[in-house]
Each structure stands twice: as C-alpha cells, then as structure tokens.
Amino acid sequence: MHEAVTENVPVTKRDIYYQDVPLFKEQRIVDNIVDDIAASLKLERSDLNVRATSKGIFCGSTLNVYLSSGDVIHGNDSEASLIPVGEDVETFRVDEDLAWVLIIEKDAVFQTLCHLNASNHPLLPGKGLLITGKGYPDMATRHLVKTLCDSLPKTVPIMALVDGDPYGLDILSVYKYGSSRLRHENGKLAARRVKWMGLWSSELSRVGIDKDALIPISQHDEKKALSMLQRPQDVMPAKWRKELMYMLHSRRKAEIEILSGSVNSSTILASYPMLPPSTEGEAMQRKPLLHYLHVKLSQLVAFKHIMVRPEEQPTRNNNCESSQFDSNE
C-alpha cells in the first residue's frame, strides 16, 4: 500500500494478497487490514490507491458509461456489461425513457432476464435497467446504484429482487443501508431509495408455490435471521422484520429460481389478475418469472406516477456525475 501511494500505482486487494500468500493465508485477512487502515485514517480505499476488483454487471440500452480514458461503455438489452470501478468513471448517462431499475441478487437470474431482453420487453412497463452484484455487491456496483438513486427522478422506481431468506435480505440491506465493515463509507454508498420487490416469504403460497417445494431453513439461516431481528428499526423496516418472522415460523425459505420451476403461472394470474390479453398473456404464462416481474413492476411504476405530482417531479439529469454524492439521507 505504501508503494501504491508513493509510486501512484493502483493495486487491488487481490494483488496485495498474492504478494505474500503464506503470510496472509486468506483473502479475508487482507480485506480487513485494508479496510481497518482506511477507517483509522478516515480515508477511503481509493485515497490509498487500493481499488476494488469489479464483478458487477448491468444490462440495458438506457445506460452509457463514460470513462476518464475517453472510452464509452454502451449498455445493451441482450448482453451484460461490466460495471467499471468508480475511479475510472467520468460520468453515467441515462436515457430519458428509463422507466425502472431492478437490482437482482443472483447472476443466474440476471442472465435469464438478460436473455429474455427484459430491459426492453414489450410485456414490461417501459424500458428498464438490470443490475447485479452477483451476491454481496462490490464497491463499483454500489457506486452505480447510489449514483442512480441520487440522480433519477422519483417517478423511476429502483427495486431489488432477492431470495426470500435472511441472506437475501442482508444483501438488500447492504445496498440500502451499507455494510458494517465499510461503515465509514456508508454515507457515500448507502442507496436508501432501493425498495424490496420480492421474493417475499408471505406471498409464496399466493403465487402457487407449495410449502413442500420450499427449502427448509438451516441453523445458519435461523441464526442469521435472529441476528438481523436485533438490528435497530432505522435499518430494519417493519416489512422486513415481518417477513423474517414469517420465515422462522414456517421453517421454509425460497430462492428466486423457484419462480422458474415449480410455480404455475395460472396461479399468479389468479392472485394478481393483471396479465395482458390474448397471445401476450399466453407468452407470459410460459415464463412465470417474467410474469411475476410484469405484475410487480406494473404496480410499482403506476404507484410512483400517482404518488409524485407533476409539479413535484424533478427535471431528469441525464448526466449522473459519479463523483457527486449526497450523504444526507
């Protein structure tokens, strides 16, 4: 790290680990040391020339990323693009017709939706943007989500689709409230506009998922849920608390992939009667996950437009400066 600062040569935490594997033994040790040093000095890791390794990706033609090198990453509706680290980003540019943003916990579900062109699908309400951090998000992914939350008008809902279990909720919590390990950077990364779309434990039976098809919770799940229930109310909304308690009571959890497996779309139709007519409805019934998104997105997008009066709608800022953050949330 000293060399990275004095020589002005950026390094990643992975680079530091491989400089002396026998000494560090685990990558986690390096992660904690770097974060502790930055927190003690009241600096960000980027101030120490330590960069995060990108793993997050996005899908959607409504987003273009302009890099400080002069290159541009053009979003695509059918292929994923890597989210660059914040130090390389000059600005994000968002098209005016962006209607919604969806953060997805898992890469496999993200790839499925990307393959279906979900970000520009005729059965979904307007153009969207799909983002995944592939589990717990890296800094670059949180940086992008935070920038979108600060810059997009309130009529554009920013939602998350995570597993209906404690770890899915914990990943959502990292996006919305920040992580305990990087508490000193949460003011610049916590994206409190993010709303939980699903998967909710309490809605599973309503959408035709039998309890026997669900996965029994493990001791780790129970321990994690009980730990999260001890969190203060300002970082544990009542809805989250209720869902965790429901999961503990039912002793079952559900992963997002179950919407592509055992669920029957006709039961979703009966529970949420909002399918498009004729052939579009038939196409939706063949893709339960797409149907689920159609229902939830239609409700949320319509709700946002009803709740925000025209005179309250901010002027859309297409250029989202990556360096501008508002820590007063």
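The values are calculated or read from the model by the stated rules, or taken from the named source; none is laboratory data. Values in this document were obtained by computation on a predicted structure and should not be read as measured data. Don't worry about glycine lacking a Cβ; one is built from the backbone with ideal geometry, like all the others, and counts go over all protein chains shown. With ligands, DNA and RNA removed, areas are computed over all heavy atoms of the protein, side chains included. Shrake-Rupley method; radii C 1.70, N 1.55, O 1.52, S 1.80 Å.
Just a few scattered comments:
- Count of residues meeting criterion [within 20 Å of LEU300 (Cα to Cα), out of contact with any strand residue (DSSP E or B) (no Cβ under 7 Å at 6 or more places or on another chain) and open to solvent by less than 50 Å² (accessible area, probe 1.4 Å)] in the stretch 96-137: 3
- Residue tally, condition surrounded by fewer than 16 Cβ atoms within 10 Å (Cβ to Cβ) and either out of contact with any helix residue (DSSP H, G or I) (no Cβ under 8 Å at 6 or more places or on another chain) or part of a strand (DSSP E or B) (or both), over the stretch 55-92: 6
- Considering the conditions (1) open to solvent by 10 Å² or more (accessible area, probe 1.4 Å); (2) within 30 Å of ARG252 (Cα to Cα), LEU161 is excluded by exactly one of them, (1).
- Failed condition for LEU189, given (1) open to solvent by less than 20 Å² (accessible area, probe 1.4 Å); (2) under 23 Å from LEU113 (Cα atoms); (3) at pLDDT 80 or above: (2)
- Matching residues in the stretch 204-223 - criterion: being open to solvent by 30 Å² or more (accessible area, probe 1.4 Å), in contact with a strand residue (DSSP E or B) (Cβ under 7 Å, 6 or more places away or on another chain) and either in a helix (DSSP H, G or I) or without any contact (Cβ under 8 Å) to a residue 40 or more places away in the chain (or both): LYS211, PRO216
- Scanning the stretch 140-154 for residues that are open to solvent by less than 10 Å² (accessible area, probe 1.4 Å) and either within 20 Å of GLU203 (Cβ to Cβ) or of a type in the set (Ser, Thr, Tyr) (or both) yields a count of 2.
- The listed residue being among the small types (Gly, Ala, Ser) and either at pLDDT below 90 or over 14 Å from the mean Cα position of the chain (by Cα) (or both), out of GLY178, GLY168, GLY133: GLY178
- Pick from the stretch 229-241, criterion under 13 Å from TRP196 (Cα atoms) and of a type in the set (Lys, Arg), ranking: least open to solvent (accessible area, probe 1.4 Å): ARG241
- LEU102 over 16 Å from the mean Cα position of the chain (by Cα), within 22 Å of GLU257 (Cβ to Cβ) and in contact (Cβ under 8 Å) with a residue 60 or more places away in the chain: no
- Listed by first and then second residue, the pairs with beta-carbon distance under 8 Å, at least 6 apart or on different chains, first residue in the stretch 4-25 and in a loop (DSSP other than H, G, I, E, B), second at pLDDT 70 or above and open to solvent by 80 Å² or more (accessible area, probe 1.4 Å), are PRO10/GLU87.
- Residue among THR155, THR147 that alone is hydroxyl-bearing (Ser, Thr, Tyr), at pLDDT below 95 and in contact with a helix residue (DSSP H, G or I) (Cβ under 8 Å, 6 or more places away or on another chain): THR155
- Single condition ASN32 does not satisfy, out of (1) surrounded by fewer than 17 Cβ atoms within 10 Å (Cβ to Cβ); (2) within 30 Å of GLU255 (Cβ to Cβ); (3) polar (S, T, N, Q); (4) modelled with pLDDT of 80 or more: (4)
- Pairs where the first residue, in the stretch 151-169, is touching a residue at least 60 places away in the same chain (Cβ under 8 Å) and the second is among the acidic types (Asp, Glu) and open to solvent by 10 Å² or more (accessible area, probe 1.4 Å), C-beta under 7 Å, 6+ apart: LEU161/GLU105; VAL162/GLU105; ASP163/GLU105; ASP163/GLU255; GLY168/GLU105
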